1. Across region 41-88, what is the total count of residues that are within 15 Å of Tyr31 (Cα to Cα), at pLDDT 90 or above and touching a helix residue (DSSP H, G or I) at 6+ places or on another chain (Cβ under 8 Å)?
2. Among the residues of region 183-239, write down those that are of a type in the set (Val, Ile, Thr) and in a strand (DSSP E or B).
3. Say whether the condition of being farther than 26 Å from Tyr136 by Cβ, surrounded by fewer than 17 Cβ atoms within 10 Å (Cβ to Cβ) and polar (S, T, N, Q) is met by at least one residue in region 15-35.
4. Got a sec? Which of Ser225, Ser214 is farther than 24 Å from Asp140 by Cβ, among the polar types (S, T, N, Q) and surrounded by 14 or more Cβ atoms within 10 Å (Cβ to Cβ)?
5. Please enumerate the residues belonging to region 190-242 that are over 30 Å from Ala152 (Cβ atoms) and of a type in the set (Phe, Trp, Tyr).
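The values are calculated or read from the model by the stated rules, or taken from the named source; none is laboratory data. Please read these numbers as outputs of a predicted model, since none were measured by experiment. Because the Cβ atoms are built from the backbone with ideal geometry, glycine has one as well, and the counts that use them run over all protein chains shown.
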Amino acid sequence: MNAAVNLSRRNKPLYLQIKNIIKDRILHGAYPLGSMIPSEPQLEAEFQVSKITVRNAIQELSLEGYVEKGSGKGTKVIRNTSASKLSKWKRFTEILVEEGRKIQKQWLSAEVIGTEEGTEPRRLFGDRCIRIERVYRLDDVPYIHYTHYLTARIGDAELTLEANAQSLYELLDEQDISLVKFRDEFAAAIAPPPVAEILGIPLGTPLLKRSRYSYAENGDLIEYSIGYYHTEMQHYVVNYDV
């Protein structure tokens, strides 16, 4: 059973927060296609909420087509992909989940920082921004390290370590911030020593580096992120449906 999860009491209704957390687990393989999600009593204990709150969350997942509730048989996962707003391309994590892999996410830090002169965060966001550090584990082994820099204008968002159960983009969406345009840049690079240590690789190991620029509907840059992928474990893959 998962440890108790702290939910926000200020923003989105609790049942919708629980729905988003369970959906994120489905999309990242924690609850595989065809498996049963935890029972209602287990979810009540994990999220420390009432039975009706859990049932409303499951109802929302059912309406979105992710689960199917059987009488006396529990709730089965019947879909584990999300629809892209931009195109028919599948997210990298979705491809891995379809192959039976499991992705686990952990937030390592979340704070407002002063940016350094001459750096990309300083050029993009000025002298202050939000920095979030996360690691993705592939089948329990550290695989990707992300550092996200976000405009300090979203400082009211609850981007704290307690949020690590949810998707970063779901949390932004709760603040009515919808990201509609992305630009990715790829390069081979040597990871900084702290990143190499987290990924458990020797210093100087070449990795795939992805830099992402994420924009809101009005064209404002909301996020700049750097990801280091240990591609010796798993190649970076993009599938396109036409």
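1. Count: 8.
2. Here is the first cut: in region 183-239, the residues of a type in the set (Val, Ile, Thr) are 190, 195, 198, 201, 205, 222, 226, 231, 237-238.
Within region 183-239, Ile190, Ile222, Ile226 qualify.
3. The initial filter retains those residues of region 15-35 that are farther than 26 Å from Tyr136 by Cβ, namely 15.
From what's left, surrounded by fewer than 17 Cβ atoms within 10 Å (Cβ to Cβ): none.
Within region 15-35, not a single residue is farther than 26 Å from Tyr136 by Cβ, surrounded by fewer than 17 Cβ atoms within 10 Å (Cβ to Cβ) and polar (S, T, N, Q).
4. Working: Ser225 fails: farther than 24 Å from Asp140 by Cβ.
Answer to the check: Ser214.
5. Tyr236, Tyr240 - these are the residues of region 190-242 that are over 30 Å from Ala152 (Cβ atoms) and of a type in the set (Phe, Trp, Tyr).
Rundown of residues vs (1) under 18 Å from Glu94 (Cβ atoms); (2) modelled with pLDDT of 95 or more; (3) not assigned by TED's automatic domain parsing to the domain that holds Asp24, yes/no style:
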| position | (1), (2), (3) |
| --- | --- |
| Arg137 | yes, no, yes |
| Ala152 | no, no, yes |
| Ala189 | no, yes, yes |
| Ala196 | no, yes, yes |
| Ala216 | no, no, yes |
| Asp241 | yes, no, yes |
